[in-house]
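The values are calculated or read from the model by the stated rules, or taken from the named source; none is laboratory data. Predicted, not measured: the structure shown is a model, and the values here were computed from it. Cβ coordinates were reconstructed from backbone atoms using ideal geometry, including for glycine residues, and neighbour counts include every protein chain displayed. Heavy atoms of the whole protein, side chains included, go into the accessibility calculation; ligands, DNA and RNA do not. Shrake-Rupley method; radii C 1.70, N 1.55, O 1.52, S 1.80 Å.
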Amino acid sequence: MQKDEDGFYTPGALDPPVALVAASNPEEGKPSVNSDLIQSTFEVTVTLADQQLDPNSPLYSAKTFEELGLQPDLLKGIYDMGFSKPSKIQERALPLLLSNPPTNMIGQSQSGTGKTAAFVLTMLSQVDFSLNKPQALCLAPSRELARQIMSVVVAMGKFTNVQTEYAIKDNLPRNATNITAQIIVGTPGTMTDLMRRRVIDVTHIKVFVLDEADNMLDQDGLGDQTLRVKNLLPRGSPVQIILFSATFPDHVRSFAANFAPNANKIELQKEELSVEGIRQFYMDCRNEDHKYDILVSLYSLLTIGQSIIFCQHRHTADRISQRMTAEGHKVASLHGAKDAAERDAIIDHFREGRDKVLITTNVIARGIDILQVNMVVNYDLPLMNEREKGGDGIPDIETYIHRIGRTGRFGRKGISINFVHDKKTWLQMEQIEKALGRKIIRIETNDLDEMEEKMKKALK
Ligand SMILES: Nc1ncnc2c1ncn2[C@@H]1O[C@H](COP(=O)(O)OP(=O)(O)OP(=O)(O)O)[C@@H](O)[C@H]1O
């Protein structure tokens, strides 16, 4: 797993608010209830409204945002973003998060189900806008995710006087002395640095959020740095600690419980971990080179919407993108070895849809929310680090869940395709399939028409 945190901020375009039609399988035969949604070419559509009325959906809620105890200015912000009803995690978490006295929370919900709004609304609710001091800190594992979270803070806080600041590399001048912003979002290394140098005065901090918390607490990942931030928080006054993720593997659960003592917990069962709307496929490639050929042959499908191609190593991402570019295809590559300004420009281009195919590493496996992404390719399956869990060759189930979760956001349909090319990778994929309890369907590599048909059907 890569630990990237560099660079400075250049404002990026955001996805437009949600007003979506996800097309359904006609057999499911649900009529659309929301007439002002875009009509799809498919016979029957399942709208976001339908899903939010289905008690079995993670997007379901029996309540309205008004019933969740939010301030009027924040309600305005939510509606301005195009949200009409809470999702399940928002309905369940918000009343607990906003209760008085504030209580810690460990919250789990599938990828793309609206966890960000739950913790952002909490930070915005707890802050005293008349006090120009840092009051809420939020950590994320990558600068790309920190920037995205900040864009949600700004959008939801549009009708408040909230002031915000980044704690990501190269954002503040070296001689910055004193941050007066109330909400600070960043990555752990830079956050620690700013706290140690007292650029962040911690006296008034009352909320501390970890997004992608299992990753942030993982001893083999960012755990040490995150712990350092926590240890720099004031000891006397209580700080509400909020941990959110789509995954909490067993080996971080007890650590999470110590990190956020006496927390309210919202947990998923193992079989609920992956989102239904993401159809998973695999392709049997002959060898490494054949993987490249197959990727190239998929290009027209990759660009129907947008796609993210995940590789295990930075050099693979670079090599593939250079080769594809030389052969006349338009692709971008993003990884932690690029400098901050470049990383910001690449992700912003992709968000704006100017690039349709992004070749990357685990750096953006988590949290990144780009609604137009309807395909994810695991060019290399995600594997545990050699140091972790006894060795290379063991599939990293959590990273797999997060990677495929870059598509199928908030009720949309998406496709993931795994490339396997030998017995070892086939067995690794079988382990993933078993762990998630969902079938991964084979697609022939030599029949492009069949491939296209299957994929288009999966997106219906
Ligand atoms: N109540 C809502 N109504 C409509 N859209 C929503 C609502 N809540 C969140 N969304 C949208 O759903 C998308 C996914 O939300 P978000 O990024 O918070 O997911 P997440 O649960 O944090 O996912 P991940 O686990 O991948 O980080 C975003 O585009 C967000 O704007």
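State whether one or more residues within segment 359-376 are more than 16 Å from the ligand (Cβ to nearest atom) and under 27 Å from Leu139 (Cα atoms).
yes
Scan segment 78-87 and give yes if some residue there is of a type in the set (Lys, Arg), open to solvent by 10 Å² or more (accessible area, probe 1.4 Å) and within 11 Å of the ligand (Cβ to nearest atom), otherwise no.
The answer is yes, given that some residue of segment 78-87 is of a type in the set (Lys, Arg), open to solvent by 10 Å² or more (accessible area, probe 1.4 Å) and within 11 Å of the ligand (Cβ to nearest atom).
Within segment 75-82, is even one residue in contact with a helix residue (DSSP H, G or I) (Cβ under 8 Å, 6 or more places away or on another chain), part of a loop (DSSP other than H, G, I, E, B) and at pLDDT 95 or above?
Checking segment 75-82: at least one residue is in contact with a helix residue (DSSP H, G or I) (Cβ under 8 Å, 6 or more places away or on another chain), part of a loop (DSSP other than H, G, I, E, B) and at pLDDT 95 or above.
Considering only residues that are in contact with a Lys or Arg (Cβ under 8 Å, 6 or more places away or on another chain) and open to solvent by less than 50 Å² (accessible area, probe 1.4 Å), look in segment 50-77 and name the one that is farthest from Ser109 (Cα to Cα).
Gly77
Please tell me if Ile304 is in contact (Cβ under 8 Å) with a residue 24 or more places away in the chain, open to solvent by less than 60 Å² (accessible area, probe 1.4 Å) and not aromatic (Phe, Trp, Tyr).
Answer is no for this residue.
Does any residue of segment 427-434 turn out to be in contact with a Gly (Cβ under 6 Å, 6 or more places away or on another chain) and over 16 Å from Met283 (Cβ atoms)?
There is no residue in segment 427-434 that is in contact with a Gly (Cβ under 6 Å, 6 or more places away or on another chain) and over 16 Å from Met283 (Cβ atoms).
Among the residues that make up segment 417-434, is at least one of them within 14 Å of the ligand (Cβ to nearest atom) and part of a helix (DSSP H, G or I)?
Scanning segment 417-434, I find no residue that is within 14 Å of the ligand (Cβ to nearest atom) and part of a helix (DSSP H, G or I), so the answer is no.
Checking Phe255 against (1) within 28 Å of Val376 (Cβ to Cβ); (2) modelled with pLDDT under 95, which single condition isn't satisfied?
(1)
What is the one condition in (1) over 18 Å from Ile266 (Cβ atoms); (2) of a type in the set (Lys, Arg); (3) within 14 Å of the ligand (Cβ to nearest atom) that Lys115 does not satisfy?
Checking Lys115 against (1) over 18 Å from Ile266 (Cβ atoms); (2) of a type in the set (Lys, Arg); (3) within 14 Å of the ligand (Cβ to nearest atom), the one that fails is (1).
Every residue in segment 194-218 that is more than 16 Å from the ligand (Cβ to nearest atom) and in contact with a strand residue (DSSP E or B) (Cβ under 8 Å, 6 or more places away or on another chain), please.
Leu194, Ile200, Ile205, Lys206, Val207, Phe208 - these are the residues of segment 194-218 that are more than 16 Å from the ligand (Cβ to nearest atom) and in contact with a strand residue (DSSP E or B) (Cβ under 8 Å, 6 or more places away or on another chain).
List the number of the failed condition for Ile346; all other conditions in (1) under 30 Å from Asn171 (Cβ atoms); (2) out of contact with any Lys or Arg (no Cβ under 6 Å at 6 or more places or on another chain); (3) open to solvent by 20 Å² or more (accessible area, probe 1.4 Å); (4) within 16 Å of the ligand (Cβ to nearest atom) hold.
So Ile346 meets the others, but not (4).
For segment 116-150, how many residues meet the condition of being of a type in the set (A, V, I, L, M) and in a loop (DSSP other than H, G, I, E, B)?
Summing the residues that are of a type in the set (A, V, I, L, M) and in a loop (DSSP other than H, G, I, E, B) in segment 116-150 gives 3.
Output the number of residues of segment 111-147 satisfying the condition of being open to solvent by 20 Å² or more (accessible area, probe 1.4 Å) and out of contact with any Ser or Thr (no Cβ under 7 Å at 6 or more places or on another chain).
Of the residues in that region, 6 qualify.
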